[in-house]
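Below: the structure, in structure tokens.
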Amino acid sequence: MKSTGLSEHGFSLLETLVAASILTVTLAGLAQLLVVATRANAGARTTTYAALLAQQKMEQLRGLSWGFDLLGLPVADTSTNVAAVSAAAPGGKGLTPSPPDALGTNAEGYCDFVDRFGRVLGGGTAPPRGTAYIRRWSIEPLPANPSNALVLQVLVSRAGGRASPDTGATGVRVPDEARLVSVRTRKAP
């Protein structure tokens, strides 16, 4: 066995530098992946929370009276304030048709504000301090049967999250928001 004069008992400096470089590049890629995953999780959490808030408002709107009485006359709740902190506060709009831009602006009686813990802060046109989400809804008679069917829409977005106020009316969805649409019809007793 012939000796070449080189030691075979360790790594050379060049091998160590190459291994360290590969490790550094790999860790930098993993760090970027961690940042992207963290942002995606935060966005998903916000969107899920917005969907829950939208469902809550939709259930509240669908729970208002809209049907016929025992004599067959139409009955509609047009006075419950669903924008108030108290769930059944009087002096509101109930199922009264909303203004055309109710999903794009903070329309009185068709908008409420929610903090980051899900507590309703009240309605109005200007968000109070602590607002994390803005909930807007619209109520429109269905054109095919306007006296017996309503289209209910609820849009929940983060406070300050909409690029422009009119995107709510055009149906353009922005990140971190939820939109629900339902049709409510009168049913005979």
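The values are calculated or read from the model by the stated rules, or taken from the named source; none is laboratory data. Bear in mind the structure is a predicted one, so any value in this text is a computation, not a measurement. Note that we place each Cβ from the backbone using ideal geometry, even for glycine, and neighbour counts take in every protein chain shown.
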Report summary line: Inside the range 142-152, the number of residues satisfying the requirement of being more than 14 Å from Leu61 (Cα to Cα) and either free of Cβ contacts under 8 Å to residues at least 12 places away in the same chain or within 24 Å of the chain's Cα centre (by Cα) (or both) is 3
**Report entry** Only listed residue being assigned to a helix (DSSP H, G or I), farther than 13 Å from Ile139 by Cβ, over 16 Å from the mean Cα position of the chain (by Cα) and of a type in the set (S, T, N, Q), chosen from Thr48, Thr24
**Finding:** Thr24
Query - Number of the exception - Asp69 against (1) surrounded by 13 or more Cβ atoms within 10 Å (Cβ to Cβ); (2) touching a residue at least 24 places away in the same chain (Cβ under 8 Å); (3) acidic (Asp, Glu) - result: (1)
Report task. Please tell me if Arg136 is part of a strand (DSSP E or B) and either without any contact (Cβ under 8 Å) to a residue 12 or more places away in the chain or not hydrophobic (A, V, I, L, M, F, W, C) (or both). Result -> yes
Query - Flag for Pro100 being out of contact with any Lys or Arg (no Cβ under 6 Å at 6 or more places or on another chain) and at pLDDT 95 or above - result: no
Query - Residue selected from the range 54-87 under the condition closer than 14 Å to Gly123 by Cβ and not in a helix (DSSP H, G or I), by the criterion modelled with the lowest pLDDT - result: Ala87
Query - Count of residues meeting criterion [outside any strand (DSSP E or B) and without any contact (Cβ under 8 Å) to a residue 60 or more places away in the chain] in the range 103-115 - result: 6
Report summary line: Within the range 94-118, of all residues that are loosely packed, with under 15 Cβ neighbours inside 10 Å and under 15 Å from the mean Cα position of the chain (by Cα), the one nearest to Leu64 (Cα to Cα) is Gly118
**Report entry** Checking Val156 against (1) modelled with pLDDT under 90; (2) out of contact with any Gly (no Cβ under 7 Å at 6 or more places or on another chain), the condition it does not meet
**Finding:** (1)
